[in-house]
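What follows is a single structure, and I will ask about it in a moment.
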């Protein structure tokens, strides 16, 4: 996993909304979707263009910590600690209650396992916009 791939995993649940708002084009949506589906290394320039606010925050965090912008540590720090918001737009750490196919259930809430992570009850995961993004080892 590269920092760019992890960044896109977190940002991807916002792609449809960004297109519907006119922030990105249908072409960009298709490109980002293809990268996710085919596990392709995303182009940094496209990530910067499609998610400028997140990129600026990521760059500022790297500057403050002395890390590389696209390092896994910087990406995780941004999403885990600096993108916490109430509701589904925030990134949340939860414990899996049960798994039913591609649906993860925790405290009567349902999350879609869009990246098909291998999960079981008791696993700790990060979610964004009701999507499972990352498993905590």
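Every number in this text was worked out from the coordinates using simple rules, so none of it is lab data. Values in this document were obtained by computation on a predicted structure and should not be read as measured data. All Cβ positions, even for glycine, are placed from backbone atoms using ideal geometry, and neighbour counts span all protein chains on display.
With the Cα gyration tensor of the range 3-82 in hand, convert its eigenvalues to equivalent ellipsoid semi-axes via √(5λ) and list them largest first in whole Å. Walk me through the intermediate numbers first.
Working: eigenvalues 96, 36, 20 Å².
One finds semi-axes of 22, 13, 10 Å for the range 3-82.
A further question follows. Any idea what angle helix 52-65 forms with the longest principal axis of the chain, computed on alpha-carbon atoms, 0 to 90 degrees, nearest 10?
90
Continuing with the same structure: Helix 72-82 versus the longest principal axis of the chain: what angle, 0 to 90°, nearest 10, using Cα atoms?
The angle comes out at about 70 degrees.
Expressed as a rounded percentage, what relative contact order does the chain have, with Cα pairs under 8 Å and six or more residues apart?
19
Working from Cα positions, state the angle (0 to 90°, nearest 10) between the long axis of helix 26-37 and the longest principal axis of the chain.
Relative to the chain, helix 26-37 is tipped by roughly 50 degrees.
If I take every Cα pair under 8 Å that is 6 or more residues apart in the range 91-135, average their sequence separation and divide by the length, what percent do I get for the relative contact order?
The value is 41 percent.
In 10 Å bins starting at 0, how do the alpha-carbon pair distances of the chain split up by percent?
Percent of pairs per bin, in order: 12, 41, 36, 10, 0.
Let me ask something else about it. Tally the DSSP beta bridges in the chain and give the antiparallel ones as a percent, rounded to 5.
Beta bridges within the chain, antiparallel portion: roughly 95 percent.
Here is a follow-up. Quick one: if you stick a label point 7 Å off each Cα along the C-beta vector at residue 46 and residue 23, how many nm between them?
1.8
Please list 114-121, 75-82 highest first by mean number of surrounding beta-carbon atoms within 10 Å per residue.
Packing proxy ranking, top to bottom: 75-82, 114-121.
Figure the gain on full extension for residue 76 and residue 120 (residue separation times 0.36 nm, minus the Cα-Cα span) and round it to one decimal in nm.
My answer for the length gained is 13.6 nm.
Give the peptides 105-112, 44-51, 126-133 in descending order of average Cβ contacts within 10 Å, highest first. Write out the running numbers ahead of the final one.
Values: 105-112: 13.2, 44-51: 16.6, 126-133: 21.1.
Descending packing order for the listed peptides: 126-133, 44-51, 105-112.
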